[in-house]
Amino acid sequence: MEPKTSIVSSSSSKPSNPNPNPNPKNRDFLIHLEAYLTKRDGVDKLLKISRYASKIILASSVIPESLPLSLRLKSFESSVGVSRKAFRLGKFVQDVNALRSANISSKEDLLLSILAYGGEGLYYFVEQFVWLGKAGLIDKKNLNSLQKISAWCEFIGYIGSVSLKVKELSQISEDEQCLLSTREVSMIRGIGYADEEEKLRKLRLKKLMKRLSVIQDFADGLMALADISDGKGMLSAPLLLSSAGLLSALISTHKNWISC
């Protein structure tokens, strides 16, 4: 599951960088790559891409199951899946902080925030014990129950997350219409409207990223639903789920890349 958008302030003894996020187009690729790989989510999503790319190859039967390469891919996919869970250690704290700093203006916002951040936070918390079980440190007898609880928490989190993002998209659309009206008035009066154009560009980029985030949540939600149903049902086809996982990973990788 992917983290929700939140801003949590923090203090540091180091002087702040006056330009912490320069335009990626003007950055050296290797320096940008280094910054990306220092992020926990950055490495995690690269592992996610490799895992679901392998699952797509296996699900599509491109490689016959009798070949040694097929067995190696299965082993690789399984190992990466366990490795990714290690990146979730302590990750539930970000949801606690996100809920604390959430901009809540109504009871509806409070409910959706609890669903989104609470669901995701519980998911990450339970996933720590799932990882310990798969790693062999704790008894595996309760592993199936833990995985089921984890899947339900994740799915509930996506319901809240999508609902919040749809509301945000509605607000962004309203802001966009206001800017368009302001720009139109400026054009009629023959005055400059460069500031409005720049604000409009940033707003449309934000709108695009928010829409991609909703698509990502739907893809991840589909996989969570498949875990809840134990892989049964027409929406649980291996190739469909693998494609959803790869789509989610690519969107998340793009978001992390442009944000670092």
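A few notes on this one:
- Rounded to the nearest whole angstrom, the semi-axes of the ellipsoid equivalent to the range 97-172, taken from the Cα gyration tensor as √(5λ), stand at 31, 11, 9, largest first.
- Average projection, convex hull of the Cα set of the range 88-141: 4.1 square nanometres.
- Selection of GluC sites (Glu not before Pro), the range 130-185, meeting DSSP coil and at most 12 other Cβ within 10 Å: none
- For the chain: accessible area per residue (Å², 1.4 Å): 60
- Membrane-span-like helices of the chain, defined as complete DSSP H segments with a Cα extent of 30 Å or more along the helix axis and a mean Kyte hydropathy of at least 0.0, are identified as 143-189, 238-259.
- Listed residues 243, 181, 101, most fluctuating in the chain (Gaussian network, C-alpha, under 10 Å): 181
- Cross-link check: pairs 107/255; 39/141; 48/141; 45/141; 45/210; 48/202 evaluated at a Cα-Cα cut-off of 25 Å; pairs beyond the cut-off: 107/255; 39/141; 48/141; 45/141; 48/202.
- Carbon + sulfur, % of accessible area of the chain - ligands and nucleic acids excluded, 1.4 Å: 61
- Inter-centroid distance (Cα atoms) of the range 101-120 relative to the range 199-260, Å: 21
- Highest mobility in the GNM of the chain, judged by mean-square fluctuation with C-alpha springs under 10 Å and restricted to 172, 188, 114, is found for 188.
- Shape index of the chain: Rg/Rh, with Rg the Cα radius of gyration and Rh the Kirkwood radius from the inverse mean 1/r over Cα pairs, equals 1.02.
- Space enclosed by the convex hull of the alpha-carbon atoms of the range 170-228, per residue, Å³: 55
- For the range 154-241, trypsin sites (Lys or Arg not before Pro) meeting the loop criterion (DSSP other than H, G, I, E, B) and having at most 10 other Cβ atoms within 10 Å: 232.
- About its Cα centre, the dipole of the range 20-130 is roughly 240 debye, where the only charges are +1 on Lys and Arg Cβ and -1 on Asp and Glu Cβ.
- Computed over the range 113-233, Kirkwood Rh from alpha-carbon pairs, angstrom: 17.1
- For the range 172-257, the residue among 218, 257, 243 whose Cα projects farthest onto the positive side of the dipole built from Cβ charges is 257.
The values are calculated or read from the model by the stated rules, or taken from the named source; none is laboratory data. Treat the numbers as computed from the prediction; the structure is a model and nothing was measured. Neighbour counts are summed over all protein chains in view; Cβ atoms, including those assigned to glycine, are modelled from backbone coordinates with ideal geometry. Ligands, DNA and RNA are stripped out before the accessible areas are found, and what is left, the full protein with its side chains, is counted by its heavy atoms. Shrake-Rupley method; radii C 1.70, N 1.55, O 1.52, S 1.80 Å.
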